[in-house]
1. Among the residues in the stretch 150-170, are any small (Gly, Ala, Ser) and in contact (Cβ under 8 Å) with a residue 40 or more places away in the chain?
2. Which residues, taken from the stretch 80-119, are within 22 Å of Asp49 (Cα to Cα), part of a loop (DSSP other than H, G, I, E, B) and open to solvent by less than 60 Å² (accessible area, probe 1.4 Å)?
3. List every residue pair whose Cβ atoms lie under 7 Å apart, where the two residues are 6 or more positions apart in sequence or sit on different chains, the first residue falls within the stretch 14-35 and is on the phi > 0 side of the Ramachandran plot, and the second residue, located anywhere, is modelled with pLDDT under 95 and loosely packed, with under 15 Cβ neighbours inside 10 Å.
4. Those residues that are touching a helix residue (DSSP H, G or I) at 6+ places or on another chain (Cβ under 9 Å) and over 18 Å from Thr91 (Cβ atoms), I need them from the stretch 103-130; list them, please.
5. Within the stretch 156-177, work out how many residues are open to solvent by 50 Å² or more (accessible area, probe 1.4 Å) and among the aromatic types (Phe, Trp, Tyr).
6. Out of the residues in the stretch 124-133 meeting the condition of being under 24 Å from Pro69 (Cβ atoms) and open to solvent by 10 Å² or more (accessible area, probe 1.4 Å), tell me which one is farthest from the chain's Cα centre (by Cα).
7. Quick one: in the stretch 25-79, of everything that is out of contact with any Leu (no Cβ under 9 Å at 6 or more places or on another chain) and among the hydroxyl-bearing types (Ser, Thr, Tyr), which residue is surrounded by the most Cβ atoms within 10 Å (Cβ to Cβ)?
8. Is it the case that some residue within the stretch 134-155 is more than 19 Å from Gly63 (Cα to Cα), surrounded by 20 or more Cβ atoms within 10 Å (Cβ to Cβ) and at pLDDT 95 or above?
Amino acid sequence: MVKKERLEDYVTTIPDFPKEGIMFRDITTVIEDPDGFKMAVDGLVDMFDREVFDVVVSTEARGFIFGAPVAHALRKGLVLARKKGKLPRETVSETYALEYGEATLEIHKDAIKPGMKVVIIDDLLATGGTVDAVVKMVEKLGGTVIRIGFVIELEGFKARKTVLRNYPTESLISYPGN
């Protein structure tokens, strides 16, 4: 594998997937390459290493890939936001809209204590529905979201300016359009 200069060089763009007119940004080529994966994780670690916080929350499934090594590197715990029915203890849940329907995420009720400072990490920001659900659960449990980070952001959806306008949000790579 050839070492590349920029993280975006590891992302594969697939035109017209899953339908015509969509430019699909495939993050699997980032994590398949050891240099690309290290670059992404290191970028997220750098994004949060000066923050004072208690725990990282990441979403199923690709968010776990990035949240776990960041939590490990920064010596923080990792809270999983999982699909409904996957967590064994008592949970708090939030349902959000998808393009064709809805989905529900859950967090263990005892994972976030009142007053905890939380960082949220996910792979991709598009409409913001998933991360909005996570923010709502953290706040229901008394936590404070201090920062949100993504590997990729699709700016055309304007989620940073609408859904996440009240939260400091960063991404390692931003693409115009959807």
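1. Checked against the condition, which is being small (Gly, Ala, Ser) and in contact (Cβ under 8 Å) with a residue 40 or more places away in the chain, the stretch 150-170 yields no hits at all.
2. Selection gives Ala111, Ile112, Gly115, Met116.
3. Pairs that qualify, where the first residue is on the phi > 0 side of the Ramachandran plot and the partner is modelled with pLDDT under 95 and loosely packed, with under 15 Cβ neighbours inside 10 Å, are Asp16/Ile22.
4. Val119, Ile121, Asp122, Asp123, Leu124, Leu125, Ala126, Thr127, Gly128
5. Residues flagged as open to solvent by 50 Å² or more (accessible area, probe 1.4 Å) and among the aromatic types (Phe, Trp, Tyr) within the stretch 156-177 amount to 1.
6. Ala126
7. Looking at the filtered set, the residue picked out is Thr29.
8. Scanning the stretch 134-155 turns up at least one residue that is more than 19 Å from Gly63 (Cα to Cα), surrounded by 20 or more Cβ atoms within 10 Å (Cβ to Cβ) and at pLDDT 95 or above.
The values are calculated or read from the model by the stated rules, or taken from the named source; none is laboratory data. All figures in this text were calculated on a predicted structure; none of them were measured in a lab. Cβ: placed from backbone, ideal geometry, glycine included. Neighbour counts: every protein chain shown. Accessible surface areas use protein heavy atoms only, side chains included; no ligands, DNA or RNA. Shrake-Rupley method; radii C 1.70, N 1.55, O 1.52, S 1.80 Å.
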